[in-house]
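Since the structure comes first, as structure tokens, the remarks are kept for the end.
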Amino acid sequence: MKLRPWDKYDYYLRAVQSPDTDVEFIRDTYKELRKKFPSILREDFCGTFAICMEWVKLNRQNEAIGVDLDSEPIQWGLDHNLPTLSDVQRERLRVLQENVLNPGLPKADVICSMNFSHYILKERSLLKAYFHNALVTLKDDGILLTDCFGGSATQSANEEMTNHGDFNYYWDQKSFDPVTNNAMFYIHFKRRGEEKRKKIFSYDWRMWSIPELREIMIEAGFKSTYVYWEGTKKDGSGNGVFKRSEVGEECEAWVAYVVGVK
């Protein structure tokens, strides 16, 4: 089978993202908390704005706004993602090259920060400023939805490989500093019959914990916060179903969502 052309954003989307299920979780979480369906989504740190794309496909009334400071992934999305939408769907999507900390961003029912992008804000004051800016740019019944990850395996250097048929995806944690909770990560790819392509994406993050995220959201002005914890299969691996919970589990690696309610 012939390999598709190499494109780092295409391979990232295939290996890392699941925007079709993300938007369903976002919609259902808002409905659970607010007893109605949301219509306007803002995807902060949107990159190629894949979640925005799926949001406008999900419902003909939905509108999406993508916000990112980096022009490269935005342009990729404009060149590759946007043309796949119908004319009507495109009219309901806006992409802004802006800083998520800037005041005056468009208001939304739901603001999401996915793929742990807010971990780039390594100082508490910066993360609080972001959460506060999200709060004031949410509509009255709005929610902020963020993801997070952790576990004992994230506190040491390690590399995990996942096979995707015609290529392998590598999530490489290069370091962890317990004094600062700063960690360095890389994404590598190896296509069938080719050498490993190293450090295609790099992430210099602070590993924010669930209690820290919740506390900072409250400090920023959110009325309440909730944690959505992933269920497990019989073999102990995650089942992809996230439910509201105040109790987690001891895991080598876990992913969860923290939601702030305005």
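The values are calculated or read from the model by the stated rules, or taken from the named source; none is laboratory data. Only a predicted model underlies this, so the values are computations on that prediction, with no experimental measurement involved. Methodologically, a virtual Cβ is constructed for each residue, glycine included, from the backbone with ideal geometry; neighbour enumeration extends over all protein chains shown. Please note that ligands, DNA and RNA were not included when accessible areas were found on the heavy atoms of the full protein model with its side chains. Shrake-Rupley method; radii C 1.70, N 1.55, O 1.52, S 1.80 Å.
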Item to check | Long-range neighbours under 7 Å by Cβ, at least six apart or interchain, first residue closer than 19 Å to THR180 by Cα within the stretch 209-222, second hydroxyl-bearing (Ser, Thr, Tyr) and open to solvent by 10 Å² or more (accessible area, probe 1.4 Å) | outcome: ARG214/THR225
Next on the checklist: Of the residues ASP10, ASP22, only one is under 30 Å from ARG191 (Cα atoms), within 15 Å of the chain's Cα centre (by Cα) and open to solvent by less than 50 Å² (accessible area, probe 1.4 Å); which?
Outcome noted: ASP22
Next on the checklist: It is to be established whether one or more residues within the stretch 156-164 are more than 20 Å from the chain's Cα centre (by Cα), at pLDDT below 90 and in a strand (DSSP E or B).
Outcome noted: no
Checklist entry - Limited to the stretch 40-73, what total is found for residues that are of a type outside the set (A, V, I, L, M, F, W, C) and within 15 Å of the chain's Cα centre (by Cα)? => result 9
Next on the checklist: Against the definition (open to solvent by 70 Å² or more (accessible area, probe 1.4 Å), farther than 16 Å from LYS122 by Cα and modelled with pLDDT of 95 or more), how does GLU215 come out, yes or no?
Outcome noted: no
Item to check | Residues located in the stretch 106-156, provided they are within 19 Å of VAL255 (Cα to Cα) and open to solvent by 70 Å² or more (accessible area, probe 1.4 Å) | outcome: ILE120, SER152, GLN155
Checklist outcome for this item: Checked ASN99, ASN81 against criteria (out of contact with any strand residue (DSSP E or B) (no Cβ under 6 Å at 6 or more places or on another chain) and either of a type in the set (Ser, Thr, Tyr) or part of a loop (DSSP other than H, G, I, E, B) (or both)); the one match is ASN99
Checklist outcome for this item: Counting only residues in the stretch 213-262 that are in contact with a Gly (Cβ under 6 Å, 6 or more places away or on another chain) and assigned to a loop (DSSP other than H, G, I, E, B), the one nearest to THR21 (Cα to Cα) is identified as ALA253
Checklist entry - Going by the conditions given, is VAL179 open to solvent by 70 Å² or more (accessible area, probe 1.4 Å), among the β-branched types (Val, Ile, Thr) and modelled with pLDDT under 95? => result no
Checklist entry - Of all residues in the stretch 185-212, how many are within 17 Å of the chain's Cα centre (by Cα) and assigned to a strand (DSSP E or B)? => result 9
Next on the checklist: I'd like to verify a number: residues in the stretch 91-102 that are in contact (Cβ under 8 Å) with a residue 24 or more places away in the chain and surrounded by fewer than 19 Cβ atoms within 10 Å (Cβ to Cβ), how many?
Outcome noted: 7
Next on the checklist: Looking at ASN168, ASN163 in this structure, which one is under 30 Å from GLU24 (Cβ atoms), free of Cβ contacts under 8 Å to residues at least 40 places away in the same chain and open to solvent by 70 Å² or more (accessible area, probe 1.4 Å)?
Outcome noted: ASN163
Next on the checklist: Contact list please: Cβ distance under 6 Å, first residue in the stretch 70-85 and free of Cβ contacts under 8 Å to residues at least 60 places away in the same chain, second residue open to solvent by less than 40 Å² (accessible area, probe 1.4 Å) and assigned to a helix (DSSP H, G or I), pairs at least six apart or on different chains.
Outcome noted: ASN81/MET53
Checklist entry - From the list TYR226, TYR257, which residue is in contact with a Phe, Trp or Tyr (Cβ under 6 Å, 6 or more places away or on another chain), among the aromatic types (Phe, Trp, Tyr) and either open to solvent by 40 Å² or more (accessible area, probe 1.4 Å) or at pLDDT 85 or above (or both)? => result TYR257
